[in-house]
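Worksheet: one structure, shown below.
The values are calculated or read from the model by the stated rules, or taken from the named source; none is laboratory data. On a predicted model such as this, the values are computed, not experimentally measured, just so you know. Heads up, the Cβs are rebuilt from the backbone with ideal geometry, glycines too, and the neighbour counts pull from every protein chain shown. These area figures cover heavy atoms from the full protein model, side chains too; ligands, DNA and RNA do not enter into them. Shrake-Rupley method; radii C 1.70, N 1.55, O 1.52, S 1.80 Å.
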Amino acid sequence: MTHDAEPTDASPEERARATEAQMTDDERFLLILGVFGQHRLSPVRDERIPEGTTMSAGYTPGVPRLGVPALQMSDASMGVTNPGYAGREGDTATAMPACIALGASFNPTLARASGGAIGREARSRGFNVQLAGGNNLARDPRNGRNFEYLSEDPWHSAVLAAESVNGIQAEGVISTLKHFCLNCNETNRHWLDAVIDPAEHRESDLLAFQIAIERSQPGAIMSSYNKVNGDYTGGNSVLLQDVLKDGWGYPGWVMSDWGATASWEFALAGLDQECGVQLDVMQWGGEAFTEPLRKAYAEGRFPRERLSEMVRRILRSVYAVGLDSWGEAREVDLAAHNEISLETARQGMVLLKNDGVLPFATDTSAKIAVIGGYAQLAVVSGTGSGAVVPAGGYAAVLPIGGAGPMGASRNLFLMPSSPLAELKSLLPSAQVDFDPGQTPAEAALLAKRSDMVIAFGIRPEGESYDLPDLSLPWGQDDLIEAVATANPNTIVVLETGNPVSMPWRDKVKAIVQAWYPGQAGGQAIAEVLTGKVNPSGRLPVTFPAGLDQTPRPELPGMGTPWGTPTTIEYNEGAEVGYRWFAKTGARPMYAFGHGFSYTSFAYSDLAVEGGDTVTATFTVTNTGDRAGADVPQLYLTDAAGDRRMRLLGFERVELQPGESGRITLTADPRLLARFDGDARQWRITEGTYKVAVGKAADALELTAETRLTEALFGS
Ligand code: BGC
């Protein structure tokens, strides 16, 4: 629904206040409720959703008499979803690569472009709230939803998440940031208590949200399913009121995740909108913000001022992002959006290992065996609410199934972009043959009579499931082992959302981490293998050598029936990912920030300034014979005698052979500080701070030190 608002000089806050003052209580109570659209879990149209409404994740009626548009909400961070086609038969959208692939690009400009495409496609369908901005830190390589998030690092995640949100909101569509907070495992997520030291939380997951909010002003924040330190996040006044609203001054609204509102009293703790209300009926036996909240209001247990505030926060975001002044729909250029998806896949691909076999010469006449992973047909995507039906539809959907409410929507989604077909077209003189990888023995026969082997390892991961371990499913580790034994010139391409264990690693010549590369992923894979694209992705998560190196070798709750109360103590605190490895001294399989190129880069002339923060300037030179992009990273390694590692900055830089670029990175001072829980502020201790410029968290090349002055700042 669109409405052409009168031009006004009033601020969004003033407009929200004026509109809210004119509303009836019935209108107020409607605005704080989000009804689940038609869906597999809710197949019949809820009568609160008017007939003819474009269906998706959520609907909140507007107030037409006051020009307030209905809120029409769609998932998610990788494109506009169409869950189960319910109500929108055949409507497909540009499927971007997984967020973790975007994370691997280390490219905020690309995040913005991709957000813009998603925003335009949302808007063209009438969706004015995009449930995007997945911003949880990848604390655990078993987390089924890591592919929907950007990285294990607060600064990296915040910078990229903010640009995604900025891209979406620039199209006049509200974006969320989600899931606030510490939704870092899916196991028993509705019963999960995520326990963490509050100050360490501020220095990690909360810092990722704080910085992303500052840089993008998302219209809404979605709370998570889990508890944090004993209270559900949607009813957690420490998180919602003390930190988010009072501490950071966040002016937008907090919506619940779908089916995460256990009680009307969440409204007293800072939750502004109950969403996916039908799922609350399934989960908790009722809708908290309808009758129970109205009853509490009538009995004086729920203050009028709080109801007004909830409504004002929603209206403020509506006005700030311009939902009430859409005017004409904008043109959607699907070819341009496909190009953004393709470019993200290209830049997100990480060359983990290369013993000189890549890239293939494009005029090669070699016999190349392509094995497994449905490479003849497609690339893989993750499953769950964020899964996008790609332009033109899926190549195939294979139901995997599983326990719990999401079991029936756990699928192997195949996106119609065939790496095999793309390789054949880029290597016209080669003899490229395919084996499905059905059995190791059969695949080994083809491998043996080939010059080179490209083996695909795929693993669908998704919402509401954690992985029990880091292996590839369906016997693919045995398959790769067998073909690599049959032919040592084996290259492995991985389509996964997380690190995998790679027991065959030393037997293969090259490994490409392609993640879930989106609707143009097959092309990007072929371009990287043939050198048409010089790989430039860097790992946004540490690949451990084994789970025993991670903070929780055993995952609490793993293997228990869905619904078992589970507590996970995130005892690593702020030392997530590479920080943990720096602290323990363990050597990962591949470090955060790692990724090879077909050219080489050298760093020189590091100069560092101190004072209130660290500013580092250095030179990057392309010392090879191909154009390529590098991502130099600046780390803190020692803070006034306290050895701790923090990514302070990064920049993706494209350089021609022999070309140099001078880069300056200035650290956000919070990355140099500790959060002082008593003072509720950030504290920098006076002293010497050591920093390093590196190619990865374990490949530091230039070091320097500087002095910082004592400071207590921020909130
Ligand atoms: C997910 C959210 C999503 C919502 C609406 C939930 O299951 O956790 O990320 O936005 O569903 O589909």
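See the values below:
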item	result
Residue check for Asn135: under 24 Å from Arg652 (Cα atoms) and either buried (at least 24 other Cβ atoms within 10 Å of the Cβ) or among the β-branched types (Val, Ile, Thr) (or both)	yes
Test result for Leu150, open to solvent by less than 10 Å² (accessible area, probe 1.4 Å), part of a helix (DSSP H, G or I), within 20 Å of Gly497 (Cβ to Cβ) and of a type outside the set (Gly, Ala, Ser)	no
Count - residues of the range 296-332 that are basic (Lys, Arg) and either in a loop (DSSP other than H, G, I, E, B) or within 22 Å of Glu121 (Cβ to Cβ) (or both)	2
Residue, farthest from Lys532 (Cα to Cα), within the range 406-441, restricted to residues that are within 16 Å of the ligand (Cβ to nearest atom) and open to solvent by 50 Å² or more (accessible area, probe 1.4 Å)	Ala408
Leading residue by the ranking (nearest to the ligand (Cβ to nearest atom)) among those in the range 42-60 that are in a loop (DSSP other than H, G, I, E, B) and open to solvent by less than 40 Å² (accessible area, probe 1.4 Å)	Ala57
Residue selected from the range 593-623 under the condition open to solvent by less than 20 Å² (accessible area, probe 1.4 Å) and of a type outside the set (Ser, Thr, Tyr), by the criterion nearest to Ala699 (Cα to Cα)	Gly593
Check on Val311, more than 16 Å from the ligand (Cβ to nearest atom) and touching a Lys or Arg at 6+ places or on another chain (Cβ under 6 Å)	yes
Check on Pro359, in contact with a Ser or Thr (Cβ under 6 Å, 6 or more places away or on another chain) and part of a loop (DSSP other than H, G, I, E, B)	yes
Residue in the range 254-262 that is assigned to a loop (DSSP other than H, G, I, E, B), more than 16 Å from the ligand (Cβ to nearest atom) and modelled with pLDDT of 95 or more present	no
Top-ranked residue of the range 220-244 - restricted to ones that are open to solvent by 10 Å² or more (accessible area, probe 1.4 Å) and in a helix (DSSP H, G or I), ranked as nearest to the ligand (Cβ to nearest atom)	Gly235
Filter result for the condition that a residue is surrounded by 17 or more Cβ atoms within 10 Å (Cβ to Cβ), more than 22 Å from Asp153 (Cβ to Cβ) and touching a strand residue (DSSP E or B) at 6+ places or on another chain (Cβ under 7 Å), over Ala711, Ala692	Ala711
Flag for Ser317 being surrounded by fewer than 16 Cβ atoms within 10 Å (Cβ to Cβ), among the polar types (S, T, N, Q) and away from the ligand (no atom under 16 Å from the Cβ)	no
Filter pass, Trp191 being under 25 Å from Leu271 (Cα atoms) and open to solvent by 10 Å² or more (accessible area, probe 1.4 Å)	yes
Cβ-Cβ under 6 Å pairs, at least 6 apart or on other chains, the range 148-166 side of a type outside the set (A, V, I, L, M, F, W, C), far side away from the ligand (no atom under 16 Å from the Cβ) and open to solvent by 10 Å² or more (accessible area, probe 1.4 Å)	Glu152/Gly577; Glu163/Pro108; Glu163/Arg112; Asn166/Arg112
The lone exception for Leu177 - which of (1) assigned to a helix (DSSP H, G or I); (2) within 15 Å of the ligand (Cβ to nearest atom); (3) under 18 Å from Ile221 (Cα atoms) it fails	(1)
Pick from the range 1-38, criterion among the aliphatic types (A, V, I, L, M) and at pLDDT below 95, ranking: farthest from the chain's Cα centre (by Cα)	Ala5
Cβ pairs under 7 Å, 6+ apart, first in the range 168-185 and of a type in the set (D, E, K, R), second at pLDDT 95 or above and open to solvent by 10 Å² or more (accessible area, probe 1.4 Å)	Glu171/Arg120; Glu171/Arg123
Hits in the range 367-405 - residues which are within 16 Å of the ligand (Cβ to nearest atom) and either farther than 30 Å from Pro43 by Cβ or β-branched (Val, Ile, Thr) (or both)	Thr383, Val388, Val389
Members of the range 194-219 that are surrounded by fewer than 21 Cβ atoms within 10 Å (Cβ to Cβ) and part of a loop (DSSP other than H, G, I, E, B)	Asp197, Gln217
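A quick yes/no check of all residues on (1) touching a Ser or Thr at 6+ places or on another chain (Cβ under 8 Å); (2) without any contact (Cβ under 8 Å) to a residue 60 or more places away in the chain:
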{"residue": "Glu463", "(1), (2)": "yes, no"}
{"residue": "Leu467", "(1), (2)": "no, no"}
{"residue": "Leu472", "(1), (2)": "yes, yes"}
{"residue": "Asp478", "(1), (2)": "no, yes"}
{"residue": "Ala482", "(1), (2)": "no, yes"}
{"residue": "Thr485", "(1), (2)": "no, yes"}
{"residue": "Val492", "(1), (2)": "no, yes"}
{"residue": "Asn498", "(1), (2)": "no, no"}
{"residue": "Met502", "(1), (2)": "no, no"}
